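As structure tokens, the structure follows; a few thoughts come after it.
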């Protein structure tokens, strides 16, 4: 499936360029952290790569047919979208879509519910869970199909410390199990903790794509990019 | 005021005695309305979901037309169905005029746009909530429609109940296509109209109370089956 090659990728909505032109090749494995100030195009980048948003120009080429690539991806949104069903049914939903037998889907869903600490809430309507629980459920629902690539749009933006820690542990485990994670975040600390690569966007354009070790290496000063350096120092960038 | 008390008393006695005519008319009312409701729901609900999920040419025009059809005057529908089913009409050969089937057809025509319109509003809201998730899960259009219909089932029950309310109280169209024939096509509403025209207000009121009772009972039963109150807001 990887590498995914983007050429001249551009997204224009109502005459405004939200992303691009962008030329980038993403390799398999690890966690790529997408950073940048508000309006940099992080969400647009993730949604376009995943196919939720259409690009206006250019191309995204996976190494497998588009349908196959789409089947092997999942997406976790900043605000978790819960199906108006129970926790168990939320977890079995993607499995049933893929044609898994009901009893097998339930078995797997119960295992995942246990892993994310929701085993006691299997029959609870998912929309009634707390924000942190909903995000964990959304992540488990995305991972339950064992995707090769997982996109995450600021998955811990509205969560407290302990919920963030649990989510990060699940993400690290997923990456260790071979899922390629592409995740946007505002949180520099989180990017340092999780990132293997960093993609920095500004006004829809890629400013920097480099290994995290280089970007966060203090002697290297944000990969030698002034804008990235200022962002990492906490300056407000417009 | 005396008529109302007389009506109440007569309704009570008719019910207590399980008056055969009352039972027959009530059963026919329910049969016609519930059959029409099932047929209309089977047409309307998938259409409502399709209109929410799919984007195609003239979609907005179709939605506007359906919304306008919610206010269809039943008498005009009755006339239209009558012309279709009359011996010289295009469907005259079916011999449906003055039968229960004709009454069901008329009610289906009346309540289908109403159910589509109400169901579409809830399907549209649910689709805007689910859009990104279902697209990201690479679902097919059929899977999206089925998901909306299942997850929005409580709102759909409300749409169906609105259709039921309109159908059970309908008189103009079914009078025209059914003919209010005793032991054949007479239902509660047409019987009420007949008794009122005869000046038997007490019996008309009694039938009216029974009609209200039936409507309330069906509403309660539907809410109980759907557990709309127990499971709260989704």
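A few comments on the model shown:
- Taking the criterion of being facing chain B (nearest Cβ under 10 Å) and without any contact (Cβ under 8 Å) to a residue 24 or more places away in the chain, the residues of the range A:34-65 that qualify are A:51, A:52.
- Matching residues in the range B:131-150 - criterion: being in contact with a helix residue (DSSP H, G or I) (Cβ under 7 Å, 6 or more places away or on another chain), within 7 Å of chain A (Cβ to nearest Cβ) and assigned to a helix (DSSP H, G or I): B:136, B:143
- You will find that of A:99, A:29, A:39, the residue that is more than 19 Å from the chain's Cα centre (by Cα) and either assigned to a loop (DSSP other than H, G, I, E, B) or surrounded by 22 or more Cβ atoms within 10 Å (Cβ to Cβ) (or both) is A:99 and no other.
- Of residues in the range A:122-137 being within 19 Å of residue A:162 (Cα to Cα) and part of a helix (DSSP H, G or I), the one farthest from the other protein chains (Cβ to nearest Cβ): A:132
- Matching entry among B:194, B:126, B:114 (being under 30 Å from residue A:68 (Cβ atoms) and either in a helix (DSSP H, G or I) or modelled with pLDDT of 95 or more (or both)): B:126
- Some residue of the range A:13-22 being out of contact with any strand residue (DSSP E or B) (no Cβ under 6 Å at 6 or more places or on another chain), closer than 30 Å to residue A:128 by Cα, surrounded by fewer than 18 Cβ atoms within 10 Å (Cβ to Cβ) and at pLDDT below 95: no
- Just one of the listed residues (A:155, A:147) is under 13 Å from the mean Cα position of the chain (by Cα), part of a loop (DSSP other than H, G, I, E, B) and more than 30 Å from residue A:228 (Cα to Cα), and it is A:147.
- Any hit, the range B:117-125, residues being within 14 Å of chain A (Cβ to nearest Cβ) and crowded, with 21+ Cβ neighbours inside 10 Å: yes
- Candidates are the residues of the range A:67-94 that are within 19 Å of residue A:114 (Cα to Cα) and more than 9 Å from chain B (Cβ to nearest Cβ); the one that is surrounded by the fewest Cβ atoms within 10 Å (Cβ to Cβ) is A:86.
- Failed condition for residue B:67, given (1) assigned to a helix (DSSP H, G or I); (2) under 15 Å from the mean Cα position of the chain (by Cα): (2)
The values are calculated or read from the model by the stated rules, or taken from the named source; none is laboratory data. Predicted model, so just to flag it, every value in this text is computed and none were measured. Positions of Cβ are generated from backbone atoms using ideal geometry, with glycine treated the same way; all protein chains shown enter the neighbour counts.
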